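The values are calculated or read from the model by the stated rules, or taken from the named source; none is laboratory data. Model, not experiment: these values are computed from the prediction. Cβ sites come from the backbone with ideal geometry, for glycine too, and all protein chains shown count toward neighbours.
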Amino acid sequence: MNYSIAVIPGDGIGPEIIGEAKKILEKVGSVFGHEFLYTEVLMGGVSIDAHGVPLTEEALETAKNSDSVLLGAVGGDVGNSRWYDVAPHLRPEAGLLAIRKGLNLFANIRPAYLYKELSEACPLKKEIIGDGFDMVIMRELTGGLYFGDRFTREIDGVRTAVDTLTYNENEIRRIAIKAFDIAMKRRKQVISVDKANVLDSSRLWRNVVEEVAKDYPEVTLTHMLVDNCAMQLVMNPGQFDVILTENMFGDILSDEASMITGSIGMLSSASMNESKFGMYEPSHGSAPDIAGKNIANPIATILSAAMMLRYSFDLDQEADAVEGAVEKVLSEGWRTGDIMSKGCRQVSTTEMGDLIAGKIL
């Protein structure tokens, strides 16, 4: 089978980690008889440098005409004046928001799984970790505060900034359905996270989620306030199965969840629309401070490519092979610097990719 992939290396460490994910896909293609066809797309700071905008219409069309999108990372040091001393819609991250909106990628799926081999890298105490944890954070991606009306102006002589948080019931319902569908394939538990004690948008969120839950009688639904959820993630992460939440809360909670896995470099991500089309990216940023040093952890990007094989291409056996290869390499004690622990052997970005590719048989 042939599959077309729009590849967005992006900024910072993006090109390095994308190179390793492509290495893994090429090995999968060789072993299982597939061909992956790549079209490179500029987005983020590199697109600003080349075209003056973080995402061109041509780049978006290329993505739309592909079978899926594989993304590295966008953005840079906020002190980089040529990228950030401009209007918000011209900054690198605006390209990410634009492509999510343009491709209607409303459902962000972020697994957070603690490999037993990385328990030493987890910052939580052993008695908190217990037997580990395995959760999925389902984040609504195209609504809420990040997409609402905003302005900064002087009002009555005082500089005032306004950001608008808006959700309608249709936006909430479709992400809730995705969350309950995933829960049906897992442990059948959904914790819906909101701030219903303060926000009208959260009260609507809670009402609509409860309506959706009626269609899934096998799934247990629990509501949790976002501040409590943030605490519970570091007090008892094993209680979570599927966390369902809105855009900004999901952004924050998924990064927190990534760190208790041992490193944000371990957390993969899929952003899906109502079909099987998706954009796959690591949850971490562009890490400009280590760009070009060949020390970045490529595993989150590699696992994101595995999610692409599974969710967009229905290649479950191939996805299992990639995930199994990652686990084998970790069990043998190979580590990049961010997940390094005593008794293990440290390797570079490219060496980690080589090791994982070598385990796909």
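Points worth noting:
- Residue in the stretch 317-338 that is in a helix (DSSP H, G or I), closer than 26 Å to ILE182 by Cα and in contact with an Asp or Glu (Cβ under 9 Å, 6 or more places away or on another chain) present: yes
- Of residues in the stretch 126-165 being of a type in the set (Ser, Thr, Tyr) and under 22 Å from MET272 (Cβ atoms), the one surrounded by the most Cβ atoms within 10 Å (Cβ to Cβ): THR142
- Filter result for the condition that a residue is under 30 Å from MET352 (Cα atoms) and surrounded by fewer than 18 Cβ atoms within 10 Å (Cβ to Cβ), over GLY265, GLY238: GLY238
- When residues in the stretch 318-342 are screened for being farther than 17 Å from CYS122 by Cα and of a type in the set (D, E, K, R), 5 of them pass.
- When restricted to residues that are within 18 Å of ASP77 (Cα to Cα), crowded, with 17+ Cβ neighbours inside 10 Å and not polar (S, T, N, Q), the stretch 29-52 contains 5.
- The stretch 285-299 - residue that is buried (at least 24 other Cβ atoms within 10 Å of the Cβ) and not polar (S, T, N, Q) and, of those, farthest from the chain's Cα centre (by Cα): ALA296
- Flag set for PRO282, criterion: at pLDDT below 95 and out of contact with any Lys or Arg (no Cβ under 9 Å at 6 or more places or on another chain).
- Flag if SER192 is crowded, with 16+ Cβ neighbours inside 10 Å, farther than 30 Å from ALA63 by Cα, in contact with a strand residue (DSSP E or B) (Cβ under 6 Å, 6 or more places away or on another chain) and not hydrophobic (A, V, I, L, M, F, W, C): yes
- Residues that are assigned to a loop (DSSP other than H, G, I, E, B) and in contact (Cβ under 8 Å) with a residue 24 or more places away in the chain were ranked within the stretch 341-356; the one that is farthest from GLY14 (Cα to Cα) is LYS342.
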